[in-house]
């Protein structure tokens with residue numbers, strides 16, 4: 001009997017020792033996980049939920065409780081801590097996903113803002129003007145762009161000869177009435193009031209042929225025609241801007257959009273000649289965006305040279 005009791009005690013000691021060691025090992029691993037989780041939370045969400053972070057100022061230490069029977073078993077304590085870790089991990093994952101979504105939204109808004117800003121800056125920047133600009137287009141255009149003839153047979157008057165009533169003159173900005181008139185005309189383009197915009201833009205070209213904004217006005221006259229679904233008139237106006245004011249700020253852009261107008265007229269070979277002319281004349285001065293647009297346009301027109 002004594003021998004059997006001794007064997008039983010030895011067996012229990014042999015089994016209990018690894019179990020206790022395993023509990024201690026699991027507890028240490030959970031401690032490490034909790035510390036790592038708090039470190040990650042402080043890094044990602046500084047000043048976050050106090051339930052998951054240690055306070056900067058700890059409360060006054062309470063007297064240690066009198067040793068006695070533990071309120072819960074070590075296994076239940078570990079289970080509670082693991083549950084807490086899982087809950088924190090779920091919360092952290094959700095917050096990271098929300099932050100990622102917000103960052104993507106901000107990136108999209110920033111990209112749109114950059115595009116709008118570049119478009120507006122391009123319309124405000126300028127270089128010294130070149131030769132006087134006007135809306136006339138010669139019949140012997142090398143790109144196959146001549147005056148349009150409507151069904152009735154009468155020629156459409158050139159851009160500088162039409163004198164429709166435009167909007168009331170805007171107050172001069174810093175004494176520059178040409179600048180004020182151009183900005184008022186361009187505002188009509190932005191509002192998609194194309195007939196009114198075309199009349200106002202023609203007036204700017206006619207009244208201020210040597211002003212730097214003449215190149216802008218003639219260019220946007222062509223763009224307005226194109227947006228209105230009149231590619232033939234657009235091609236005339238855009239070619240006139242390049243031919244009569246080759247040093248104007250919008251001359252390179254007008255060549256590119258002349259090619260686009262010719263594509264609308266189903267003239268890809270003429271469009272390819274325009275794109276080649278654009279590269280030959282303005283290659284070193286073209287902006288990166290215009291170069292990229294021209295390369296894509298040549299590919300769309302299947303240009304071979």
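Values in this text are rule-based calculations from the coordinates and carry no lab data. Source: prediction; values computed, not measured. Here the Cβ positions follow ideal geometry from the backbone for every residue, glycine too, while neighbour counts run over all protein chains shown.
Quick look at the values:
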read-out: Label-point separation, residue 265 to residue 73 (7 Å along Cα→Cβ), nm; value: 9.1
read-out: Potential extension, residue 296-residue 99 segment - 0.36 nm per residue separation minus Cα distance; value: 67.3 nm
read-out: FRET efficiency, residue 176 to residue 276 (Cβ-Cβ, R0 35 Å, nearest 0.05); value: 0.40
read-out: Computed E for residue 191/residue 31 - FRET, C-beta separation, R0 41 angstrom, nearest 0.05; value: 0.05
read-out: Residue order, fewest to most surrounding Cβ atoms within 10 angstrom, among 179, 228, 198, 107; value: 107, 228, 179, 198
read-out: Ranked by how many other beta carbons lie within 10 Å on average, peptides 288-296, 96-104 from highest; value: 288-296, 96-104
read-out: Exposure proxy order (Cβ contacts within 10 Å, fewest to most) of 304, 73, 279; value: 304, 73, 279
read-out: Difference of contour (0.36 nm per residue) and Cα-Cα distance, residue 109 to residue 89; value: 4.2 nm
read-out: Inverse of mean 1/r across different Cα pairs in segment 176-305, Kirkwood, Å; value: 14.7
